[in-house]
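The structure appears right after this line, and notes come after that.
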Amino acid sequence: MNKFRIERAGLSDLGVLHKLEVECFKKNAYSKTSLGLLLTDWRAASFKAIMNERIVGFIIGRVERIRGKRAGRIYTLNVEPKCRRRGIGEALMKRLEEEFSKRGCEEIFLEVAVNNVPAITLYKKLGYEVVEKLRNYYGLGKDAYRAKKIVKSSELESESIIKGS
Ligand SMILES: CC(C)(COP(=O)(O)OP(=O)(O)OC[C@H]1O[C@@H](n2cnc3c(N)ncnc32)[C@H](O)[C@@H]1OP(=O)(O)O)[C@@H](O)C(=O)NCCC(=O)NCCS
């Protein structure tokens, strides 16, 4: 089995990442401009998976304030079709979760199409729980689930120990 590694992604990867985004999401893909904006946003974090010196997957998330709490929001996750089911998607998710935790996020949110079985199974495996159904989120008749995970941060825990809470 081929090995892969996870590294930070940046604007110099935009062309490859956008191609992959279109391959994975077709008409619902983020535009190149939107991806470029995310890649340069200081609140965002982007990681790529590299196998045989080629980018085969990526993830982008951003730290936001959601319902009064600092939270991570996952914007996009993509793995090249022929490289799926080798643990790359899960590794990208875990790397971004680690980053959100380091940046003090208490929760992580994401949206996923109700018929996207691979992604829903992955998110359930990682402990995400559906909190809402969003009607027509991806267009007419294309509903989504919003899912959430509470961050178990050692940093947050030690902070509350110090505060005595
Ligand atoms: C969803 C996606 C990122 C998963 O990436 P991946 O690298 O294939 O996933 P992994 O190999 O890390 O799988 C991890 C777990 O996810 C689940 N999973 C992944 N693909 C699955 C599938 N086709 N069917 C059922 N479960 C699946 C399994 O629980 C798996 O764990 P296991 O291998 O121990 O059974 C990939 O299918 C993809 O890019 N899809 C198109 C884009 C997309 O839908 N992104 C998410 C949008 S919200």
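A few comments on the model shown:
- The stretch 1-17: number of residues that are of a type in the set (D, E, K, R) and in a helix (DSSP H, G or I): 1
- Scanning the stretch 111-125 for residues that are of a type outside the set (Gly, Ala, Ser), more than 6 Å from the ligand (Cβ to nearest atom) and surrounded by 12 or more Cβ atoms within 10 Å (Cβ to Cβ) yields 111, 114, 120, 123, 124.
- Verdict on residue 153 being at pLDDT 95 or above and away from the ligand (no atom under 16 Å from the Cβ): no
- Criterion (out of contact with any His (no Cβ under 8 Å at 6 or more places or on another chain) and either farther than 23 Å from residue 148 by Cα or at pLDDT below 95 (or both)) met by exactly one of 63, 22: 22
- Among the residues of the stretch 116-151, those identified as more than 26 Å from residue 85 (Cα to Cα) and among the charged types (D, E, K, R) are 132, 133, 135.
The values are calculated or read from the model by the stated rules, or taken from the named source; none is laboratory data. No experiment lies behind these values; they were computed from the predicted model shown. Positions of Cβ are generated from backbone atoms using ideal geometry, with glycine treated the same way; all protein chains shown enter the neighbour counts.
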